[in-house]
Amino acid sequence: MALATKSAGIRQLKNSLAQWLITLGGIGVLFTLVLIFMYLLYVIKPVFDSASIEPITKMKIDSPSPVLSTGIDELKELAFVINQESVIDFYPLKNNVSVDTGEENHSKGEYLTSTPKLSIQLLSNQETLSQVISSGVDHQLLLTESGTAQLIRPTFTASYQDNDREIIPAVSYPLGEDLIIVDEQEQSIDKLAFRMNDEKAIFVAFTQDSRLIKTTLIAEDDFSYDTEYEAIYQEIELSTSSVDDILITPDMDMAFVRNNNQVSVFLLDDEYSVELKSQIIPNLAKSETISSMSLLSGGSSLLIGTSSGQVSQWFEVSTENGRKFTQARTFTASKTEAITHIYTEQFRKSFYTLTPSGEIGLFYTTSHADLWRGNLINAKPKAFSIAPRADGLVLISPENAQDNNTNFSLQVFAVENEHPEVTWQALWQEVWYEGYPEPEYIWQSTSGTDDFEGKFSLVPITFGTMKAALYAMLFAVPIALTAAIYTAYFMTPALRKKVKPTIEMMEALPTVILGFLAGLWLAPIIENYLPAVALLLIFLPLSTMITALIWHKMPRELKSKIAETWAPVILIPVMLLAAYSAFALSPLLETYFFGGDVRQFITNDLNISFDQRNALVVGIAMGFAVIPTIFSMAEDAIFSVPGHLTSGSLALGATQWQTLVKVVLLTASPGIFSAVMMGLGRAVGETMIVLMATGNTPILDWSIFQGMRTLAANIAVEMPESEVGSSHYRILFLAAFVLFVFTFVFNTLAEFIRQHLRAKYSSM
């Protein structure tokens, strides 16, 4: 009695311990899933944060003449101001006064005094400047009232001493310190545009005597080492007597010249002649006029601002009549005022708009995003500049409206706008990208140029995931389920003990091996023997049926001499012979029906693109990876059907097939359904096979001869090279989140369906 009591106590202790361990394991799994979910959200969240602009510093500066231009270094520690008397002043922005309190606040790195750190007289003869043209972030072109010009470049060098950083300002002269004669006739200039590279510099100007001219400076060696150059002067034929704006693309191939509501596009690639390429005439309302224009980063898009507060984006697209400038999208920057200025960032497709009252808008073209609106100051600024890293703004404005234009306020603002290209619309809807004839779903995250327009549509790679899983399941499900039915219901126990473990061992085969074989061995075979693939779909079922018919017609005495265990093995040589016949007949069919080359027939005659590594290869390779999972679970479900159900059905007169269809499969349907769902989950999340067996092309095409790119493969390919914290990096995490949610939701629904099937057929 004592031993029984002791044994019961030990058993109860073991049961309790097992219960707690199982519960703890289940809670651990759920906790891990929640942690993964939360971490993905943590990484993804910043891409959907709104843009913000906050003041950093505000200081009074005294200028003997009106301010024409301003700028700031990359670290936002020094700002420069250029006035009309050709003096550049550099102002320190650290260790100054807080914007909010006006008190000293050295810990925040704000400013204390407006004394310039350095002042430089830019022109030796102290000529008066008429305007300063900013070319990108680095160069400032000074235009004098007499029509000459000088190109300067404010530079900032970091110096470190005792763990303290000091920014040392200076000014360089990329084209030399001598004044540049823009017009050969030395007339004053009303409008001027400028671009340069290491080999040449181009000026396009409109003179006071109504001439449009082009001046080209060709370096004798390289502007980086030598400032000697040859000047070539040209006059451009112009049908109007006035010009409002001039712009030159960064590659110096085109110039945009605006006169009232018409923009003329000139080709600048010929050093001795300038031809009119096209004209842009926006469709404006009766009282609406063009008030400003600017070139977007890269120079592929022209932004046109109007008096009604609209900004339209124009770029070239291919049409039946050649390339033509087309309006792609429109932004409403103001409902009551005209757009007086458009300022664009150097490396992104963002731009700022400015109205007469000083209202500022921040927009991004690719995502068509309205990022920020508001007034940073109470009046229109005299000068406006974007920080080199696009993380700050510098504004120069008069202290008050009645000021004599000598007392100005310099204000610096911090801009938080890390991921303007990411919106739900850009991720999941068609986007009209620069140069494309129409809106499309495109994934292209990198390029060889800094002017690249990021294309982050998740639609092609999500589509590719579904396409790969679909073709894999079409191949795997029929084979796996029929094999499971035969093994569990018809096969002899002796043969089942050998077949089932063998198939389950296939699941241990690394998918990288399957992907390697599919890409380097299977893909070339399918390409070279396409007719054989079609013949296999006919020969294999046909040979199986013929063999079964022959077996059925064989005399009973002969069949009794063959062990029942070996009966299915007879099919192996038959199917091998059928496969050999298909491949042997493939060249003959290719010669007689397809002109000797099936691939050329598909490409040229059927107009269907053909990739060697395509969905057919992926379907077969990934199908082999999925078959063991589906087979093992489905076979266990069918084999576990209680014997009394099948015996009762047979005893009532049902045949084996009727019993299989009406009893066994219905009873095992929850397990079979779970097997298919597990296989689908495996196919959706597969990485290495898709990575190695396809061209990884993110396209929307159901063709079995085209490749695809899946979410998992895309993450594996691009994550190692993405910049941590960048939009690309976070969108890859968003792709992982989409994959996680997709599989989680799908598996949850599958579990509900499985439970419903179990409840429905459990009473049988």
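The values are calculated or read from the model by the stated rules, or taken from the named source; none is laboratory data. Note that the structure is a prediction, hence the values are computed from the model and not measured. Reconstructed Cβ throughout: ideal geometry from the backbone, glycine too, with neighbour counts over all protein chains shown. Quick note on the areas: whole protein, heavy atoms, side chains included, nothing else; ligands and nucleic acids left out. Shrake-Rupley method; radii C 1.70, N 1.55, O 1.52, S 1.80 Å.
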Taking the stated definitions as given, is Phe639 closer than 30 Å to Ala693 by Cα and out of contact with any His (no Cβ under 7 Å at 6 or more places or on another chain)? no
Only one of (1) surrounded by fewer than 21 Cβ atoms within 10 Å (Cβ to Cβ); (2) within 15 Å of Lys349 (Cα to Cα) does not apply to Lys286, and that is (2)
Restricting the range 240-258 to residues that are assigned to a loop (DSSP other than H, G, I, E, B) and not polar (S, T, N, Q), the one most open to solvent (accessible area, probe 1.4 Å) turns out to be Asp251
Look at Val99 and say whether it is modelled with pLDDT of 90 or more, among the hydrophobic types (A, V, I, L, M, F, W, C) and either open to solvent by 10 Å² or more (accessible area, probe 1.4 Å) or farther than 18 Å from Val412 by Cα (or both).
no
Turns out the strands (runs of 3 or more DSSP E) fully within the range 1-83 with at least 3 residues that are surrounded by 12 or more Cβ atoms within 10 Å (Cβ to Cβ) and in contact with a Cys (Cβ under 9 Å, 6 or more places away or on another chain) are none
Taking the range 209-224 and keeping only residues that are of a type in the set (D, E, K, R) and part of a strand (DSSP E or B), one is left with Lys214
Checking Phe206, Phe156 in turn, the sole residue that is in a strand (DSSP E or B), in contact with a Pro (Cβ under 8 Å, 6 or more places away or on another chain) and among the hydrophobic types (A, V, I, L, M, F, W, C) turns out to be Phe156
Filtering the range 464-480 down to residues that are in contact with a Gly (Cβ under 9 Å, 6 or more places away or on another chain), among the aliphatic types (A, V, I, L, M) and either modelled with pLDDT of 95 or more or surrounded by fewer than 24 Cβ atoms within 10 Å (Cβ to Cβ) (or both) yields Leu470, Met473, Leu474, Val477, Ile479
Of the listed residues (Ala508, Ala532), the one being among the aliphatic types (A, V, I, L, M) and crowded, with 18+ Cβ neighbours inside 10 Å is Ala532
For the range 132-153 the number of residues that are assigned to a strand (DSSP E or B) and either among the basic types (Lys, Arg) or open to solvent by 50 Å² or more (accessible area, probe 1.4 Å) (or both) is 2
Picked from the range 259-283 (must be open to solvent by less than 20 Å² (accessible area, probe 1.4 Å) and not hydroxyl-bearing (Ser, Thr, Tyr)), the residue farthest from Thr332 (Cα to Cα) is Leu268
Just one listed residue, out of Ile485, Ile461, is assigned to a helix (DSSP H, G or I), open to solvent by less than 50 Å² (accessible area, probe 1.4 Å), among the β-branched types (Val, Ile, Thr) and over 20 Å from Val738 (Cα atoms), and it is Ile485
Restricted to the range 195-239 and to residues being surrounded by fewer than 21 Cβ atoms within 10 Å (Cβ to Cβ) and of a type in the set (S, T, N, Q), the residue farthest from Leu295 (Cα to Cα) is Thr227
request  = May I ask you to verify whether Leu577 is more than 30 Å from Met678 (Cα to Cα), among the aliphatic types (A, V, I, L, M) and either in contact with a strand residue (DSSP E or B) (Cβ under 8 Å, 6 or more places away or on another chain) or at pLDDT 90 or above (or both)?
outcome  = yes
Conditions (1) over 27 Å from Pro92 (Cβ atoms); (2) in a strand (DSSP E or B); (3) more than 30 Å from the chain's Cα centre (by Cα) -> Ala285 fails only (2)
Taking the range 635-652 and the residues there that are assigned to a loop (DSSP other than H, G, I, E, B) and open to solvent by less than 60 Å² (accessible area, probe 1.4 Å), the one that is nearest to Gly671 (Cα to Cα) would be Val641
Is at least one residue of the range 723-737 of a type in the set (Asp, Glu) and under 30 Å from Leu666 (Cβ atoms)?
no
(Q) Among the residues in the range 717-739, are any under 26 Å from Pro478 (Cα atoms) and either without any contact (Cβ under 8 Å) to a residue 24 or more places away in the chain or of a type outside the set (Lys, Arg) (or both)? (A) yes
With the first residue restricted to the range 238-250 and required to be over 11 Å from Ala193 (Cα atoms) and free of Cβ contacts under 8 Å to residues at least 24 places away in the same chain, and the second required to be surrounded by fewer than 20 Cβ atoms within 10 Å (Cβ to Cβ) and not acidic (Asp, Glu), Cβ contacts under 6 Å at 6 or more apart or on different chains are Thr240/Asn259
Note on the range 550-564: residues open to solvent by 90 Å² or more (accessible area, probe 1.4 Å) and of a type in the set (D, E, K, R) are Lys553, Arg556, Glu557, Lys561, Glu564
(request) Evaluate the following for Thr547: is it of a type in the set (S, T, N, Q), buried (at least 17 other Cβ atoms within 10 Å of the Cβ) and touching a residue at least 24 places away in the same chain (Cβ under 8 Å)? (result) no
Given the conditions (1) open to solvent by 40 Å² or more (accessible area, probe 1.4 Å); (2) touching a Gly at 6+ places or on another chain (Cβ under 8 Å), every one holds for Trp428 apart from (2)
The correct count of residues that are in a strand (DSSP E or B) and either out of contact with any strand residue (DSSP E or B) (no Cβ under 9 Å at 6 or more places or on another chain) or open to solvent by 60 Å² or more (accessible area, probe 1.4 Å) (or both) in the range 163-194 is 7
Counting only residues in the range 588-624 that are over 22 Å from Gln706 (Cβ atoms) and open to solvent by less than 60 Å² (accessible area, probe 1.4 Å), the one farthest from the chain's Cα centre (by Cα) is identified as Leu589
Among Thr340, Thr366, Thr355, Thr326, the single one that is more than 25 Å from Val81 (Cα to Cα) and surrounded by fewer than 22 Cβ atoms within 10 Å (Cβ to Cβ) is Thr326
Residue pairs within 7 Å by beta carbon, gap of at least six or interchain, first lying in the range 574-596 and free of Cβ contacts under 8 Å to residues at least 24 places away in the same chain, second open to solvent by less than 90 Å² (accessible area, probe 1.4 Å) and in a helix (DSSP H, G or I), listed first then second, are Gly595/Phe601; Gly596/Glu590
- [ ] Please work out if Met692 is in a loop (DSSP other than H, G, I, E, B), under 19 Å from Ala523 (Cα atoms) and not hydroxyl-bearing (Ser, Thr, Tyr).
- [x] no
Exactly one of Ile715, Ile672, Ile704 is closer than 15 Å to Thr462 by Cβ, at pLDDT 85 or above and either open to solvent by less than 50 Å² (accessible area, probe 1.4 Å) or more than 20 Å from the chain's Cα centre (by Cα) (or both), and that one is Ile715
